[in-house]
Structure formats: structure tokens, C-alpha cells
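Nothing in this text is a laboratory measurement; each read-out follows from the coordinates by a stated rule. All figures in this text were calculated on a predicted structure; none of them were measured in a lab. With ideal geometry, Cβ positions are generated from the backbone for all residues, glycine too; neighbour counts draw on all protein chains shown.
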Amino acid sequence: MKKLFERLRIKRPVFPQARRRCDLVVVSAISDGEWPGMEDLLDSLATYLDCAYETVVADDATTDGSYERLLDAGCWVVRNPEKLFLEGNDLTLRRAFSEAHRLFDAPIYLKIDPDALVIDGGLLSALGAAFGAAPRIGLLGTYRIDWNGEPRDLSYWKERMLRRRKDLGKPYDLAVRNGYQIGDGVQGGAYALSRDCLGAIVRRGWFHGADDYRPSGIKGRHVAEDSLIAMLTYAAGYRAADIGGPGQPFGLWDVGLPMPPHELVAQNRLVTHAIKYRDPESLEARDYFRARRVAHNASRRP
């Protein structure tokens, strides 16, 4: 019996995950009605990303054919068993990031919405330079400075996070201790996590509810996923930095394009948001960027 207990106490080896290496992993999520945006987004990735990349998309139980189209396009798809809607967006993206980390080993994981686009080349090198600009940067996005240089007003999410304090568990306290300002978050249209930062979050089990981290998914009580990912970044010992202000690569807004399409190009912006699917201004912008992609691809043909 003594020998049996001794055998049980032997520490079993931990086998490392076998993951495919690539330069960049693109993470997104899709709901019913968003395929027109996703189709353009995938085309923009294929046009402008001059690196080895993989795409992981969380499908919110779509019934409009988006799931099948994503598979046909070669995406890795994680599908919600039932619709979680906007209030469940945090959980949906936690599942997507978990799968992206499980499947692929990349230095950078770029989250981008279906109503966003990559609009020019050089994104990987721009992200790499921004991550390397200072120690412990784990998250890049339109953070405290908006596209026009004005400070972002995140007071709404500060109040929501303070009310939902008990749902955020130990990561809340760790983040505050490490300098996180309650409510702060990157603009959700596009942001990037470093390998080390995402790995630290995954290993701590927060995506799966460790340390009492269980943000509410109830309408009117949820906290935006872009504030939550910023909080987890600080809780893991990293920090966020701006990449969406004047002279920087992201040109994002949450209520439409921040400026006309030609101005985004003139300012050397590489990613933009938001371009919807029905209003004339959005459709015109989509046509503009689609024509640029066609011209770009034509110029590369022998």
C-alpha cells in the first residue's frame, strides 16, 4: 500500500501542446446578417496580409449560411450551441481566443469585427513595431486616444464595471493593482494581443471562469468585451497602448467611418471600422475599398 501511494505522488509529465506556427492569427465573430462584411474582410486579409496567417471565427449559431461559407473559405470556426447575441459577445470571443491559442502559435493575435477592413499592406510590421516600442505592452488598439486625438470617454463602462464588481473576481483586483483604470478599454472594432499576454490570460484560466471571473451576459448588465480584455491584460501583468490616434495605423470609430475612405488612405491607416451593410455611405465605402483591392491584386499579377 505504501508503494502505491508513492506511485500516486509521482508527478506526471506535462506534455506541451502541438500547435501550428504562423505569423499572425486573425480572430473574429459573426452573427446573422454579417456575411457581406465578413466576405469583404476575408478578401482584405488575403489582399494585404503579406505573411503566414490563420483565421479563427466564432459563429453565433447563425442560420443564414454564414457558418457554411466560413468553412468553405478555409476558416477555423467555433460555433456557439445557441445564440448569445451582443450581451454574450464577451463569452463568444473568449471561446474564439481560446481556440486560436490552442490551435496556433503566433506572436500576434488580431481581433477584428466583420464590419472592419484591412485597407493597406504593412499591418504585421506596424503591429510588431508598436508591441516592441516599450516593455510589457500586451494589448494594442484605439485605447485612451481617439482617431482625432481627443481622449475617449469611457465613463459609461466604468459605472457598469463598478456595479458588476462581484462578477469580475480576482482579475479585477489584480488589474487595479497593476494600474488599470476601471472602465478603460480598446475600441472593439479591432485590437491586437501579444503572444505572451494572451498566453498568460489563458494559463490563468480566466476565459473559463477561474478566480470567480464570470462577467454577466444578461442584457443591461453585461460589460463590453473590449473593456474586459483590457482589464485582463492588466491583471496578467501587461498594459495597453494606443495605435489608433493621429498618425497611427488604426482608423476606427463605432458609429461609422471616422473620415472619408480616401482620407483614411491618405493618412496611411491600415485598418478601419465601422462599415455597415445597407446605408448608402457604407455601401459606397465598400465599393471604394473593393476597387482598391482589385487594383492592388491586378498590379501583382505577372
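Side notes on the structure shown:
- If you look at the Cα atoms of the chain, you get an Rg and a Dmax of 20.0, 77 Å.
- Cut-off under 5 Å, modelled amide H: who pairs with Arg79 long-range: Asp59
- 37 °C / 0.692 mPa s Stokes-Einstein diffusion coefficient of segment 30-88, Kirkwood radius on C-alpha pairs, µm²/s: 272
- Relative to the compact-globule estimate of 2.2 N^0.38 Å, the Cα radius of gyration of segment 51-167 comes out at 1.25.
- Ellipticity estimate at 222 nm from DSSP helix runs (n ≥ 4, -39,500 (n - 2.57)) divided over the chain, nearest 500: -11500 deg cm²/dmol
- When each of the peptides 91-102, 238-249, 201-212 is scored by the mean number of other C-beta atoms lying within 10 Å of its residues, the order from highest to lowest reads 91-102, 238-249, 201-212.
- Residues Cys197, Cys51, Cys75, arranged from fewest to most other Cβ atoms within 10 angstrom of their Cβ, appear as Cys51, Cys75, Cys197.
- Residues considered: Met231, Met161, Met259. Largest GNM mean-square fluctuation over the chain, using C-alpha springs under 10 Å, is found at Met259.
- Of all DSSP beta bridges confined to the chain, the antiparallel ones make up roughly 35%.
- Pairs of lysine residues in the chain that meet both criteria, 8 or more places apart or on different chains and Cα atoms under 20 Å apart, total 8.
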